[in-house]
Amino acid sequence: MSVVIETKGLSKIYESSFRGQDVYALKELDLTVNSGEIFAYLGPNGSGKTTTIKMLLGLIFPTAGSIEILGLKDIASAKVRQNIGYLPEGAYYPDFLRGEEILRFYGQLYGLSGKKLETRISEVLEEVGMTHARRRMLRGYSKGMRQRIGLAQALISDPQILILDEPTTGLDPIARKEMRDILARLRDRGKTLMISSHELLEVELISDRAGILYQGEVQKIGTIDELLTDRDLTIEVESASEEVLGTLAEKGITPEDKIEGKLILRVPNDMNSYDALNICKEQQLNLVAVAPRRETLEELFVRTVGEAQNRSTT
């Protein structure tokens, strides 16, 4: 598997006139994105994600460090620019234009014309499931349709790399599922996707690797399986009084969810499962189900950022 994006010691400092304190947006970032994978680039607002993306796109320049894309250090070269498709968050397109007109405009920016351009427009519309709306004005598009046409413009040059900023934000569950399926198909066709998103459940479902950024520094990075190693147990019971819940909490067993009158209890991963079941039995709880549980990406994210916040204040 080849590396298509690599940064070494990448830093960005914004000079500030306020008390002479410079702002470190990015601190010596070492990052790799591999060919044919979906890489999730995660972090709270202000962590440096947008700064990284802008530098990869050549919109701003690093204070220190280096960037290589497709093995080239000249990221402004035609080869690099031709092979990166970008979908910004909240992309805006004029409402009076039709879907195919948007794609024709962006295709011309990439130097496409004539029959080759028209063929490519049809291909990307088919790829994102928007052939039926190609001649409809954007003012008649739903949020999901606008996201799809935005993805289509990112694909118009048939790039090897796609950088997508919040591709599923604001979409309803059906539109999110459809967008996930499209992104997975693009990955399966050999495209490399770098996704920045706060929709962590969506990210977990389709990503191969993820990196968590906080205050300009990578806190964790790895495959989803490597990152989500913490496992514990859930016990489903019919009901429990507040007194019983208090007793369970003292022993580390806490309520996680309530579904149709049944209570889901979470057992910490350092507690033996037999001990947990005996505790529930002692409290005369009616057990419905027992199941292993893996930490979610959202839980890892919250824990990682919380630990980083604690370190920065001590």
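Based on protein heavy atoms only, the chain ends up with 52 Å² per residue of surface accessible to a 1.4 Å probe. Computed over the chain, the Cα gyration tensor eigenvalues convert (square root of 5λ each) into semi-axes of 43, 27, 17 Å, ordered from largest to smallest. Taking chymotrypsin sites (Phe, Trp or Tyr not before Pro) across region 204-302, none is in a DSSP loop with at most 15 further Cβ atoms lying within 10 angstrom of its Cβ.
Residues THR51, THR32, sorted by accessible area with the largest first, give THR32, THR51 [1.4 Å probe; ligands and nucleic acids excluded].
Would you work out if region 168-236 is rounded, prolate or oblate? Take a ≥ b ≥ c from the square roots of the eigenvalues of the alpha-carbon gyration tensor; rounded if a/c is under 1.5, else prolate when a/b is larger than b/c, oblate otherwise. Note, shape of region 168-236 comes out oblate.
Each label point was placed 7 Å from the Cα along the Cα-to-Cβ direction; for ARG231 and LYS258 their separation is 3.1 nm.
Share of carbon and sulfur in the accessible area of region 178-314 stands at 45%, probe radius 1.4 Å.
In the complete set of protein chains, residue-level accessible area for LYS143 is approximately 90 Å², probe 1.4 angstrom. Helices in the chain, meaning DSSP H runs of at least 4 residues, each add -39500 (n - 2.57). Divided by all residues, the mean residue ellipticity at 222 nm is -11000 deg cm²/dmol.
Summarising the label geometry, the points placed 7 Å from Cα in the beta-carbon direction at ARG189 and LYS281 lie 5.7 nm from one another. With equal scatterers on the alpha carbons only and no solvent term, can you work out the Debye log10 of I(q)/I(0) for region 76-221 at 0.18 1/Å? Here the Debye-derived log intensity ratios amount to -1.08.
The portion of the accessible surface of region 23-73 made up by carbon and sulfur, rounded to a whole percent, is 52 (1.4 Å probe; DNA, RNA and ligands excluded). The alpha-carbon of LYS258 sits under 29 angstrom from the alpha-carbons of these lysines, leaving out residues fewer than 8 places away in its chain: LYS177, LYS281. The GluC sites (Glu not before Pro) of region 34-118 that meet both conditions, a loop assignment by DSSP and at most 16 other Cβ atoms within 10 Å of the site Cβ, are GLU89. The accessible surface of region 93-174, taken with every protein chain in place and a 1.4 Å probe, is 54 percent carbon and sulfur. Here is the list for region 255-309: GluC sites (Glu not before Pro) lying in DSSP coil, each with at most 14 other C-beta atoms within 10 angstrom of its C-beta, are GLU260. Considering only CYS280, PRO292, SER239, the residue lying farthest towards the positive end of the dipole of region 229-314 is PRO292, judged by Cα position with unit charges set on Cβ. Between helix 114-127 and the chain there is an angle of about 10 degrees, using the helix long axis and the longest principal axis of the Cα atoms.
Could you pull out the pairs from LYS12/LYS73; LYS12/LYS191; LYS27/LYS79; LYS79/LYS220; LYS8/LYS54 whose alpha carbons sit more than 23 Å apart here? In this structure, LYS12/LYS191; LYS27/LYS79; LYS79/LYS220 exceed 23 Å between Cα atoms.
The values are calculated or read from the model by the stated rules, or taken from the named source; none is laboratory data. Remember, it's a predicted structure, so these values are computed and weren't measured experimentally. Virtual Cβ from ideal backbone geometry, glycine too; neighbours counted across all protein chains shown. Keep in mind that these areas ignore ligands, DNA and RNA; they rest on the heavy atoms of the full protein, side chains included. Shrake-Rupley method; radii C 1.70, N 1.55, O 1.52, S 1.80 Å.
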